[in-house]
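One structure below.
The values are calculated or read from the model by the stated rules, or taken from the named source; none is laboratory data. Quick caveat, the model's predicted, so the values are computed rather than measured. Reconstructed Cβ throughout: ideal geometry from the backbone, glycine too, with neighbour counts over all protein chains shown.
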Amino acid sequence: MKRKHKESLTSLAILSPSIITLAVFVYGFISRSVQISLLDWDTFSSFMRKAKDYVGLENYAGLFREARFQTDLWNTLYFTLFFILGCLAIGILLSLILNNKPKGGYFFQNLYLFPMAISFVVTGTVWRWIFAPGRLPDNPRGINLLFEQLGLDVFQWGWFTSTGNFLGFNIALVAVIIAAVWQYSGYTMAMWLAGLRGIDQQLIEAARIDGASKWQVFTKILFPIQKPITLSAIIVLAHVSLKAFALIYAMTGSGPNNVTDIPAVYMFEATFRSNRYSTGSAIAIVLLMMVGLLIIPYLVNSFKEE
Amino acid sequence: MDEKMTTQEKIIRYAILIAFAIFFLIPMYVLLSTSLKSFSEVSINTMWQLPDSLSFEGFREAFTKLAPNVLNSFYLVIPATLLSAIMGSMNGYVLSHWKFKGSDTLFALILFGMFIPYQSVLFPLVQFMQTIGLYGSIPGLILVHVVYGLPITTLMFRNYYQDVPEALTEAAKVDGANIFSIYRHIFFPISIPSFVVVFIWQFTNIWNEFLFAVSLTDTQSQPITVALTNLAGSQVVEWNVQMSGAIITALPTLLVYIIFGRYFIKGMLAGSVKG
């Protein structure tokens, strides 16, 4: 018993640097952000005075009334939705083709995955040049020029400089979504491919012999088996999209009328550009809760399975 | 194993594969062709054309501007990767083979740090770094990346060590080995593949990271990702320089991917799927 006790102490001692730093850097700082979001530190002078004037949830209420933040929430919703759908559709399609081991499949697989190794900052820089190079013009050249040269003028439009809006969806986001899908669809492909390789081929052959079409094999066999993997991919991608700060920052910024703004960009500007510390912290906490809503049910579920 | 496919089906499959290959390569084409043009040749009107003659003007200038930042990134990434991997390995070892009352809860609490959006700690973090005098320095950024890297590295090593039979630890204990010697002689040597995966994962993530880098550094200590976005901020955007800069930024992690692709994919899957 004594020995056991000593062992626990040694274990704790090994873990203690991690426990202490994470306690401060994760739990301490989140608590501090919550605290600041409840104060009225929205000017530099009130921040310097460090007055503890609690204003309750006023910063949050103000935030949800603001046009910019409302736009941000719509943008996040649509960006996340289309980003995930795009990555799933392309990733699954490619994994199904590559799972048949076509000649040169390995080459294509590696090619589709390389954007995963690149920074969002690089992705943003390149795609900005592709869609609307130079100082933002009224009529972005770039890929429009390519369409013109190929005689495909119908595909020309304003890309991320466009202020068009459809049911709350700022169509300028399409350009950002293309860049994000370019970077992450290889990820879904790799996840699906890893899963497909584990499926017993006899199962599929048997179904084919029984007359199932390829589409039926996909919807009735493959998709149900791959559901947990698909779910994991969705969680990770949703998580990525909430963090797409670097991509937006490098590619478009907030854009005209905040058409490509997201809460993470607003948080950064409020905190570090305009000294609205309480508003910035409130946005940060809203972001944290959005991630929580997404992650906690998933984690509870996977711990139960374990 | 392959089903019999008609020629038509084969053609469709390859058409899809090639179409996507083009989509994935467009940015690479633009990057390379623009970066190899001279400043006088860079024009929006010819952006889709290959350069008339190869010019390394853009690369030369980008490298002159970015060399200090490339060094900063290496000074940051190497220690941060090593430290977070070693600490994660020790944590994972203890949390899988030296469990104690409450250790599973502790693991869950550590893991939580992996899922938070870093905005939720950002402002207090900046203030804290200013207070302890590490704001605007590479050591400060190393500390931040080690701490926020711990949840994922701990998870990866714990999952790896969990497959090592408990009997092995028990037998070593009977022979009088202690917690440290068992790690050094048994667990550390068998976890080299796992270290490779974690190294690559951390190297790529920390090299590519932007939010902490932009919030916690000054002009002296900026890593390459921040310096690249600042290249765009100057009055006349020299696109050949900027595209060269983007290539310089992407090159180290791309090389890692090309050389260690298999481990990279392992890390990517391990980072997202449990077990």
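Of the residues that sit in the range B:189-244 and are within 11 Å of chain A (Cβ to nearest Cβ), assigned to a helix (DSSP H, G or I) and free of Cβ contacts under 8 Å to residues at least 24 places away in the same chain, which one is nearest to the chain's Cα centre (by Cα)? If we take residues in the range B:189-244 being within 11 Å of chain A (Cβ to nearest Cβ), assigned to a helix (DSSP H, G or I) and free of Cβ contacts under 8 Å to residues at least 24 places away in the same chain, then B:214 is nearest to the chain's Cα centre (by Cα).
Being farther than 14 Å from residue B:250 by Cβ and without any contact (Cβ under 8 Å) to a residue 12 or more places away in the chain narrows it down to one of A:104, A:91, so name that one.
On the way: A:91 fails: without any contact (Cβ under 8 Å) to a residue 12 or more places away in the chain.
Step by step, each of A:104, A:91 is checked, and only A:104 is farther than 14 Å from residue B:250 by Cβ and without any contact (Cβ under 8 Å) to a residue 12 or more places away in the chain.
In the range A:255-295, the qualifying residues are those that are of a type in the set (A, V, I, L, M, F, W, C) and outside any helix (DSSP H, G or I), and the one that is surrounded by the most Cβ atoms within 10 Å (Cβ to Cβ) is A:262.
Name the residue, out of A:197, A:128, that is at the interface with another protein chain (Cβ under 10 Å from one of its Cβ atoms) and among the basic types (Lys, Arg). Break it down into steps so the answer makes sense when it comes.
On the way: A:197 fails: at the interface with another protein chain (Cβ under 10 Å from one of its Cβ atoms).
Of the residues listed, the single one that is at the interface with another protein chain (Cβ under 10 Å from one of its Cβ atoms) and among the basic types (Lys, Arg) is A:128.
The single condition among (1) surrounded by 15 or more Cβ atoms within 10 Å (Cβ to Cβ); (2) in contact with a helix residue (DSSP H, G or I) (Cβ under 8 Å, 6 or more places away or on another chain); (3) under 19 Å from residue A:253 (Cα atoms) that residue A:70 does not satisfy is (1).
The numbered conditions (1) in contact with a helix residue (DSSP H, G or I) (Cβ under 7 Å, 6 or more places away or on another chain); (2) more than 8 Å from chain B (Cβ to nearest Cβ); (3) in a helix (DSSP H, G or I) are all true for residue A:304 except (1).
Would you check if there is a residue in the range B:50-61 being surrounded by fewer than 19 Cβ atoms within 10 Å (Cβ to Cβ), among the polar types (S, T, N, Q) and more than 14 Å from every other protein chain (Cβ to nearest Cβ)?
Filtering the range B:50-61 down to residues surrounded by fewer than 19 Cβ atoms within 10 Å (Cβ to Cβ) leaves B:50-56, B:59-61.
After this cut, where a residue has to be among the polar types (S, T, N, Q) as well, the list is B:53, B:55.
When the remaining residues are screened for being more than 14 Å from every other protein chain (Cβ to nearest Cβ), the result is B:53, B:55.
There is at least one residue in the range B:50-61 that is surrounded by fewer than 19 Cβ atoms within 10 Å (Cβ to Cβ), among the polar types (S, T, N, Q) and more than 14 Å from every other protein chain (Cβ to nearest Cβ).
One residue is enough: does the range A:28-36 have a residue meeting the conditions part of a helix (DSSP H, G or I), modelled with pLDDT of 95 or more and among the hydroxyl-bearing types (Ser, Thr, Tyr)? Yes - at least one qualifying residue is present in the range A:28-36.
Let's see how each residue does on (1) surrounded by fewer than 19 Cβ atoms within 10 Å (Cβ to Cβ); (2) more than 9 Å from chain B (Cβ to nearest Cβ):
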{"site": "A:17", "(1), (2)": "yes, no"}
{"site": "A:22", "(1), (2)": "no, no"}
{"site": "A:30", "(1), (2)": "no, no"}
{"site": "A:36", "(1), (2)": "no, no"}
{"site": "A:84", "(1), (2)": "no, yes"}
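Would you mind stating whether residue A:50 is closer than 30 Å to residue A:226 by Cβ, within 12 Å of chain B (Cβ to nearest Cβ) and loosely packed, with under 14 Cβ neighbours inside 10 Å? In short, no.
Condition first: within 12 Å of another protein chain (Cβ to nearest Cβ) and surrounded by fewer than 16 Cβ atoms within 10 Å (Cβ to Cβ). Can you find one or more residues in the range A:243-251 that meet it?
Start the filter on the range A:243-251 by keeping residues that are within 12 Å of another protein chain (Cβ to nearest Cβ), which leaves A:243-251.
When the remaining residues are screened for being surrounded by fewer than 16 Cβ atoms within 10 Å (Cβ to Cβ), the result is none.
Looking through the range A:243-251, none of the residues is within 12 Å of another protein chain (Cβ to nearest Cβ) and surrounded by fewer than 16 Cβ atoms within 10 Å (Cβ to Cβ).
Looking at residue A:118, is it within 7 Å of another protein chain (Cβ to nearest Cβ) and without any contact (Cβ under 8 Å) to a residue 60 or more places away in the chain? No: the conditions fail for residue A:118. A count restricted to the range A:270-291 and to residues that are more than 20 Å from residue A:61 (Cβ to Cβ) and free of Cβ contacts under 8 Å to residues at least 60 places away in the same chain stands at 3.
In the range B:69-165, which helices (runs of 4 or more DSSP H) lie fully inside it and hold 1 or more residues that are touching a His at 6+ places or on another chain (Cβ under 9 Å)?
Numbers: elements: B:103-112, B:119-131, B:138-162.
Correct list: B:138-162.
Picking from residues in the range A:216-229 that are within 13 Å of another protein chain (Cβ to nearest Cβ) and crowded, with 19+ Cβ neighbours inside 10 Å, the one that is farthest from residue A:283 (Cα to Cα) is A:226.
Look at (1) modelled with pLDDT of 90 or more; (2) touching a Lys or Arg at 6+ places or on another chain (Cβ under 6 Å) and you find that residue B:66 fails only one, number (2). Looking at this structure, is residue B:134 among the aliphatic types (A, V, I, L, M) and in contact (Cβ under 8 Å) with a residue 60 or more places away in the chain? The answer is no for residue B:134. In this structure, residue A:161 qualifies as surrounded by fewer than 21 Cβ atoms within 10 Å (Cβ to Cβ) and in contact with a Pro (Cβ under 8 Å, 6 or more places away or on another chain). Taking into account only those residues within the range B:117-158 that are surrounded by fewer than 19 Cβ atoms within 10 Å (Cβ to Cβ) and under 20 Å from residue B:203 (Cα atoms), which is farthest from the other protein chains (Cβ to nearest Cβ)? Of everything passing the filter in the range B:117-158, B:137 is farthest from the other protein chains (Cβ to nearest Cβ).
Just to be sure, is residue B:73 over 23 Å from residue B:179 (Cβ atoms) and surrounded by fewer than 17 Cβ atoms within 10 Å (Cβ to Cβ)? Criteria not met by residue B:73.
Report, by residue number, each residue of the range A:169-218 that is of a type in the set (Phe, Trp, Tyr) and under 22 Å from the mean Cα position of the chain (by Cα). Spell out how you get there, then give the answer.
Initially, the range A:169-218 is screened for residues of a type in the set (Phe, Trp, Tyr), giving A:169, A:182, A:184, A:187, A:192, A:215, A:218.
Residues satisfying the conditions are A:169, A:182, A:184, A:187, A:192.
Evaluating residue B:105 against the criteria (1) over 21 Å from the mean Cα position of the chain (by Cα); (2) over 18 Å from residue A:296 (Cβ atoms) leaves one unmet condition, (2).
Quick check: anything in the range A:164-174 buried (at least 22 other Cβ atoms within 10 Å of the Cβ), modelled with pLDDT of 80 or more, assigned to a helix (DSSP H, G or I) and of a type in the set (Val, Ile, Thr)? Outline the logic, then answer.
Kept after step one, since they are buried (at least 22 other Cβ atoms within 10 Å of the Cβ), are these residues of the range A:164-174: A:170, A:172-173.
Cutting the leftovers down to modelled with pLDDT of 80 or more gives us A:170, A:172-173.
Next, only the ones that are assigned to a helix (DSSP H, G or I) stay: A:173.
Subset that is of a type in the set (Val, Ile, Thr): none.
No: the range A:164-174 contains no residue that is buried (at least 22 other Cβ atoms within 10 Å of the Cβ), modelled with pLDDT of 80 or more, assigned to a helix (DSSP H, G or I) and of a type in the set (Val, Ile, Thr).
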